[in-house]
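Engineer: Take this structure first; my questions come after.
Read the figures in this text as sums done on the coordinates, not as results from a lab. What you are looking at is a predicted structure, and each value in this text was computed from that prediction instead of being measured. We place every Cβ from the backbone using ideal geometry, glycine too, and count neighbours over all the protein chains shown.
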Amino acid sequence: MGARAVLAVLAIALTGWLAVHLTSTPVAGLGQQVDAHLHASGVASPITAVLLNFRALDTLYEVSVLAVALIATLSLEPTRQPRVPPSPGPLLVWLVPRLTPVMLLLAGYLWWAGSTRPGGAFQAGATIAGLLLLLALKGPDPGLQGRGGHALAMAGPLWFLLVGSATALAGSAFLQYPDAWVKTLILTVEGVLTAAIGVTLALLAGGGRRQA
Amino acid sequence: MSGAVASWLLAAPVALPLGAGLIVPLLRRGRSLAALAAGAGVVAAALLLLAVRDPDGAMELAVGGWSPPLGIRWRADLLAITFLLSTAVIALTVALFAALHLPRAEPALAGRLWAPLLFLWSALNALYLSADVFNLYVTLELLTLAAVMLVTLEGERQALDGAMRYLLVALAGSTVYLLGVALLYHATGTLDLTLAAGAVPGAALALMTVGLMAKGALFPLHGWLPPAHAAAPAPGSALLSAVVVKSAFYILLRLWLEAAPDEHAGRMLLAACGTGAVLWGSLLALTQKRLKLLVAYSTVAQLGYLLLVFPLAVGSWSGPAYAGAVWLAVSHGLAKAAMFLAAGTVMHALGHDRIAELRGLAHHAPVTMLTLALAGVTLMGLPPSGGFVAKWLLLSAAFGTGQWFWALVLLAGGLLAAVYTFRVIGAGFGEAALARVPRRAPQWLAFALATAALLAGVVAELPLRQLQEAAP
Amino acid sequence: MSGAEVPLAYALVGMVVLVRALYALFVRPHLLHKLVAGNLAASGVFLVITYAPDGGPPDPVAQALVLTGIVVSVAVTAYGAALLARLNETSGKPYLEHDHEA
Amino acid sequence: MTLQGALPLAILGSSLLPGLIIFFLAEPHRRGRTWLNMAGAVIKVLLVAGALLGVYHGATFEVAVPLVPDYPLLLRLDPLALLFVSLSAVLWLLTTVYAVGYLEGSPNRSRFFGFFSLCVSATVGIAMAGNLFTLFFFYEVLTLSTYPLVVHRETEQSLRAGRIYLAYVMTGSAVLLGAVVWLHALAGPFEFAVSGGAVDHLDAEHRPALLAIFLLMVGGFGVKAALVPMHRWLPAAMVAPAPVSALLHAVAVVKAGAFGIARTVYDVFGAELAHDLGGTTVLAAVAGFTIIYGSLRALQQDDLKRRLAYSTVSQLSYIVLGVSLVGPLATIGGLVHLVHQGIMKITLFFAAGNLAETLHLHKVSELDGVGRRMPWTMAAFTVAAFGMMSAPPLAGFVSEWFLGLGALEGDAPWALAVLLASSLLNAAYFLPVVYRGWFRPRRGPWHENLPRHRLETHPWLLLPPVITAGMVIALGLFAASVWSPLTWVRLIAAQEYPL
């Protein structure tokens, strides 16, 4: 217990020190920079501009991290006791078919809205994932654990990488969209990412496991 | 046009393995072929980067056409190229070893190694090229996930346990690092280290350093390394011990020597941790009963040497100290990879890696025995090895700057390394039959790496001179 | 995620969350606790990142960083959970071995 | 590259390349291996002869290979270097002949001859080193390449000997490395001085540091030179096969230590500075003690090889004593003993090896009457033994004569007393061997170990000791001739102490 007490004291001290430090330093940021270049970014939403243009590299790595997490999860040999087959209550059976189109619509909207106001691939993808999980709960399983599902999951980062490499091969910098194509490319990338993130999250949530 | 060339040369080391890593899991056959092809491409790119290198200015690329502070910049200075190239050589050799060794030794793993190996490689290259602290955070996460996956491949309890340990420490480490990033961003309004140079707040530096030390298994945050590295399949252990843990040291170099060159008290602290690593790691290596654990603890110790660079790289001695540390990292990488691959052969040949029962290796697997010995020479820092020339430079800096204490650490570490290396060599003599006769080809690959570690001590003059000139 | 400025209070709360979570990550033996703690710690940092002093508009870069960070930590946590399940099946308990040298 | 530069590399390569090739020769290729060895050894001797001729006529042979910025691998053939190179070259040739006969049909010969050649390459590298960096470089290569030879038999006992060897020698090298780098930190990069010291320009405030460095350096070298109390590894290493013991004790390892001390005194610090610092006084005292201690321990050994080992401990310090007495005559005595002791000692080990191989005789007490069974071997042994007692007109006498004069010249009469006492002790532990061999009758049949030859043993085993015994006589009789080591050493002394 003594050790814990020491740790606790240290923790409190650390918090205080950090707080003091944070308040003592003036806060700088890149807000103006973003506003200044927003017009050239191809999208109206500053956050999306940062995510898919100014710092697109981060996002490429980020979706790669998702893909690796999925591959790593799948490579843990499948469990001996599979997930219990779902016994959907009447509510699910009634709700899911009616909910499906709504959620698809919502996902589509989030994806499209991303270019103008907050939203975008991740939110849309999350919605898709939720939908897929609901479908799995209701059964029959949408069967994404197969090669097709995995291909779909990999498609996101692959397409993103492809776009980036294409721009490099075209003679401009890696991930530098040609001005005429900015919006289209960003939207397609976001679109593919939405689907991929959706599938990936759904598979991850299920531990990538097939039902019995 | 040169812009395009830069764009290709800098993108290839990241894009090729990343793409291959995403595709390989979808392939039914030809996985190893795809992986090796991508690897060959990376090696070629790294060699070209070295060939077209301009000593007066590093090749740079504003990714996406947006230069910092708004965007992220790739930069291939000599340090980056050195790490890119040595990683490429090691990773490609390890991949070849895996392609030849696993199908017979561990068929279950043969196909599953490639994805993590490729992601690992891509993340490392991305890390070497980037000087953007947040971008580094994402690459570190990519690296960690791939590394943890490598550890789990064997699938038995020890592997999973080691992997979990690794994951949790890395998780804590990256969180602390990220907090440092936040403070740095708030204080300087940029994430680019070159722009933030000289203005990095102490708190941010401290937090990022602690986070990196956890990820890099730097004493006293090294506890997770041996079980994890020892549990991975041989090619995995080789990559983890030879290059992955050094990525943290790489960022520390950039942080302390380039971005925050005036934080001298902290440098002493780092070297003190290094001393602890050298002594504690070596002592634990001495007490190990299993070869792979011994090699893993020797990694803990050897990482300690690297930290000694920070107090030594001052004034007129910064050149030699810097060159020595970088060269030590390179030669240790080659030697350590060779050692873990050899350990894999031992595992396969004997069915175990208990040091007390290595009899017969010298007769029936002489190449592997010689590999362990030659790699050991580098760990001891004796001529003719890269470890020796590096140690010579570090020692010179230690005496030259009047910090003889660090010299004692270097010398003591060498002696301890000799003790645990010869413990293994001595055990290999004597007549005894092996469970299986190992294949020749993979053994020669490990031998090649060990020989490279020796050659690093004979053909070092030019690279060392250039590193001295490039020292921050 | 957008709109009004993020006052210092958020950042301070973030700090507390972070430190408390890291503390739990170290002392709690149960791996599920550790994983959740790790995830919480990250969220604490995100609060600190988004800290923008009163008056100033929210910094889109900071918010983008947080979005990226969230995805990354989700991925890591998800994998950690899968690993935990696997470990639990093999060793029969959701804790780490302490005699790893054995 | 010029001939001047090529020659040192050729001398190095003549043993290095065969060695590297031999490693990859499959065990059965007995012929190829033997040819490679002999060819390399003969070529080396010829090259060295050429170098001697050249240097005698004032040519300089030197080459620098860049290795670390400011610290090249510098190979240079100066007179002192050639003294050691020639000794190694000639004795390597003879030992190779001997080893081929000795290892007839034993396992791991490729490994043995591979490391054997590496050993010799390292030794000539040490001899030709033109700066401390190069000297240390090859000194460590020697350390490492000797270990496999010590443990060659792979018995528990030999592995233990190997561990002891490493424990002592590695610690020594760590100390040495520290001292060398420290010295360079003070003095910057430097080469061995042709005359005088390389660091005697350093001003007075460095004196304490310099003394410390000097003691650390001779301490580091002293481990291989088997100075008491750092000598224990040497008797332990006796478990190695006879050719190894012969080479270790007569040439490679121990001489590397003594040679290193000579370089340190003459060409790094310079005899004058070393003397002013008081370093040589300490060194002389240790050497004197080692001479007596070694002889006393030799008296107590019944195992012939162990007796020889302790005799080596004692005799090596003749060289160190000569170096540390500071003065032309002592220098001549010490350096010429580097050669003479080598040839005498290798003869003794060859002979001991023959007795063990042919008749399974390891103990002095078993030697009764062996002179009748193996007259040539015993004759060679006897000659070398008398040489060790420094009986005129043999080689040992020449060394001791100059050492004695040196002792008087440097007014250190105690050193003279030590030398005389040691000679008596040498007689005390060698004469019994000779007496038993020639004048005691053999009881019972011999335990024949080898197939009978016309000769008393395998010809490849018999030839080398006979030749070296002849050299022991010749070096004494013709000490004054132009081609004797003595003349050569006078040349060196004249360089170090210009009159």
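Engineer: For each of B:141, D:496, D:191, count neighbouring Cβ atoms within 10 Å of the residue's Cβ, then give the residues from fewest to most.
Structural biologist: D:191, D:496, B:141
Engineer: Continuing with the same structure: Only bridges with both residues in the protein assembly as shown count here: give the DSSP antiparallel percent, nearest 5.
Structural biologist: So the antiparallel bridges amount to about 95 percent of the total.
Engineer: Another question, then. Karplus couplings for region B:295-311 from phi (6.51 cos²θ - 1.76 cosθ + 1.60, θ = phi - 60°), rounded to Hz, Gly and Pro as x?
Structural biologist: 5, 5, 5, 5, 4, 3, 5, 5, 4, x, 3, 4, 5, 5, 4, 5, x
Engineer: Can you tell me the relative contact order of chain D? Whole percent, Cα pairs under 8 Å, sequence separation 6 or more. Could you put the intermediate results ahead of the total?
Structural biologist: Details: 870 pairs, mean separation 72.1, N = 499.
It comes to 14 percent, rounded to a whole number.
Engineer: Round to a whole angstrom and tell me the spacing of the C-alpha centers of region D:221-274 and region D:188-210.
Structural biologist: Here the two parts' Cα centres lie 24 Å apart.
Engineer: Kindly write out, for region D:30-41 in residue order, the coupling ³J(HN,Hα) from the Karplus curve 6.51 cos²θ - 1.76 cosθ + 1.60 (θ = phi - 60°), rounded to whole Hz, with x marking Gly and Pro.
Structural biologist: 4, 4, x, 4, 4, 4, 4, 4, 4, 4, x, 5
Engineer: Using 16 Å as the cut-off for backbone N distance, which residues of region D:46-89 belong to the label zone defined by a point 7 Å from the Cα of residue D:483 along Cα→Cβ?
Structural biologist: Those under the cut-off are D:46-57, D:86-87.
Engineer: Now for a separate question. How large is ³J(HN,Hα) for each residue in region B:277-289, as worked out from phi by the Karplus curve 6.51 cos²θ - 1.76 cosθ + 1.60 (θ = phi - 60°), to whole Hz, x for Gly and Pro?
Structural biologist: My calculation for region B:277-289 gives 4, 4, 6, 5, x, 5, 4, 5, 4, 4, 8, 6, 9 Hz in order.
Engineer: Starting from the 7 Å offset along Cα-to-Cβ, what nm value, one decimal, do you get for the label separation of residue D:439 and residue B:431?
Structural biologist: Output for this residue pair reads 4.5 nm.
Engineer: Another question, if that's okay. Starting from the alpha-carbon convex hull of the protein assembly as shown, give the projected area averaged over all orientations, in nm². All intermediate terms of the calculation are to be shown ahead of the outcome.
Structural biologist: Numbers: hull surface 210.3 nm².
Hull-based average projected area comes out at 52.6 nm².
Engineer: OK, next. Run lengths n ≥ 4 of DSSP H only: what is the helix-derived mean residue ellipticity at 222 nm for the protein assembly as shown, with -39500 (n - 2.57) per run over all residues, to the nearest 500? Each step should come with its number before you reach the end.
Structural biologist: On the way: 53 runs with 921 residues, N = 1285.
The helix-only estimate for the protein assembly as shown comes to -24000 deg cm²/dmol at 222 nm.
Engineer: Exposure proxy check: D:302, D:70 ranked by fewest other beta carbons within 10 Å?
Structural biologist: Numbers: D:302 11, D:70 15.
Lowest to highest Cβ neighbour count: D:302, D:70.
Engineer: Taking only C-alpha pairs under 8 Å that are 6+ residues apart, what is the relative contact order of chain A in percent? Walk me through the numbers before you get to the answer.
Structural biologist: Working: 230 pairs, mean separation 59.9, N = 212.
Dividing the mean separation by the residue count of chain A yields 28 percent.
Engineer: Packing-wise, with mean Cβ within 10 Å as the measure, how do D:194-202, D:470-478, D:398-406 rank, highest first? Kindly include the intermediate steps, with their values, before the conclusion.
Structural biologist: On the way: D:194-202: 16.7, D:470-478: 18.9, D:398-406: 24.4.
Sorting D:194-202, D:470-478, D:398-406 by mean packing, highest first, produces D:398-406, D:470-478, D:194-202.
Engineer: Now for a separate question. Under the rule of at least 5 residues apart or a separate chain, name every residue whose amide H is placed under 5 Å from the amide H of residue A:114.
Structural biologist: A:120
Engineer: Under 11 Å from a point 7 Å along the Cα-to-Cβ line of residue B:405: which residues of region B:233-268 have their amide N that close?
Structural biologist: Taking a point 7 Å out along Cα→Cβ of residue B:405, the residues of region B:233-268 whose backbone N falls under 11 Å are B:268.
Engineer: Please compute the modelled spin-label separation between residue B:52 and residue B:465, points set 7 Å along Cα→Cβ, answer in nm with one decimal.
Structural biologist: The answer from the label model is 2.6 nm.
Engineer: Other chains near D:143-156: what is the mean number of their Cβ atoms within 10 Å of each residue's Cβ? Write out the running numbers ahead of the final one.
Structural biologist: Working: counts 3, 10, 0, 0, 4, 4, 0, 0, 5, 1, 1, 8, 2, 2.
Rounded to a whole number, the mean comes out at 3.
Engineer: Inside 10 Å of the C-beta atoms of B:420-428, what's the mean count of C-beta atoms belonging to other chains? Walk me through the numbers before you get to the answer.
Structural biologist: Working: counts 0, 1, 8, 1, 0, 6, 8, 1, 1.
Mean inter-chain Cβ contacts per residue within 10 Å come to 3.
Engineer: What net charge is computed for the residues neighbouring residue A:115, neighbours being all others with C-beta under 9 Å from the C-beta of residue A:115, Lys and Arg scored +1, Asp and Glu -1?
Structural biologist: On the way: positive: A:117, A:183; negative: A:190.
It works out to a net charge of +1.
Engineer: Same structure, new question: For region B:30-81 and region B:417-438, what is the separation of their C-alpha centers, rounded to whole Å?
Structural biologist: 41
Engineer: Before anything else, pin down the relative contact order of region C:8-91: Cα pairs under 8 Å, at least 6 apart, normalised by residue count, whole percent. Spell out each step's value before the answer.
Structural biologist: Details: 77 pairs, mean separation 26.1, N = 84.
Taking the mean separation of contacting Cα pairs over the length of region C:8-91, I get 31 percent.
Engineer: If you don't mind, another one. Round to a whole angstrom and tell me the spacing of the C-alpha centers of region D:280-308 and region A:1-67.
Structural biologist: 73
Engineer: If you look for lysine pairs in chain B that are eight or more places apart or on different chains, how many of them have Cα atoms under 19 Å apart?
Structural biologist: Details: B:215/B:246; B:215/B:336; B:246/B:292; B:246/B:336; B:246/B:391; B:289/B:336; B:292/B:336; B:336/B:391.
Lysine pairs meeting the criterion: 8.
Engineer: Right, another one. Quick one: net charge around residue B:260, please, counting Lys, Arg +1 and Asp, Glu -1 for every other residue with C-beta under 12 Å from its C-beta.
Structural biologist: On the way: positive: B:254, B:267; negative: B:258, B:262, B:263.
Local net charge: -1.
Engineer: Taking H placed 1.01 Å from N in the peptide plane, check which residues at least 5 places from residue D:61 or on another chain put their amide H under 5 Å from its amide H.
Structural biologist: For residue D:61, the qualifying residues are D:77.
Engineer: Give me a single rounded figure for C:88-98: the average over its residues of other chain Cβ atoms within 10 Å of their Cβ.
Structural biologist: On the way: counts 2, 7, 10, 5, 1, 0, 1, 2, 8, 8, 1.
Per residue, the number of nearby Cβ atoms from other chains is 4 on average.
Engineer: On full extension of the chain, what length is gained from residue A:39 through residue A:112, given 0.36 nm per residue of separation minus the C-alpha to C-alpha distance?
Structural biologist: Working: separation 73, 0.36 × 73 = 26.28 nm, distance 1.79 nm.
Gain in length upon complete extension: 24.5 nm.
Engineer: Still on this structure, I have one more. Residues in region D:214-257 near a label at residue D:155, defined as backbone nitrogen under 12 Å from the 7 Å Cα→Cβ point?
Structural biologist: Residues D:238-242 fall inside that zone.
Engineer: Still on this structure: Amide H neighbours of residue D:67 under 5 Å, at least 5 residues apart or on other chains, H built in the peptide plane: list them.
Structural biologist: Those qualifying (amide H under 5 Å, at least 5 residues apart or on another chain) are D:73.
Engineer: Need the full-extension length gain, residue D:411 to residue D:31, defined as separation in residues times 0.36 nm minus the C-alpha distance. One decimal, nm. Numbers along the way, then the final one.
Structural biologist: Values: separation 380, 0.36 × 380 = 136.80 nm, distance 5.66 nm.
Result for the pair: 131.1 nm of gain on full extension.
Engineer: Now a separate question. Once both labels are modelled 7 Å past Cα along the beta-carbon direction, what's the residue D:56-residue B:206 spacing in nm?
Structural biologist: Taking the simple label geometry, residue D:56 and residue B:206 are separated by 7.5 nm.
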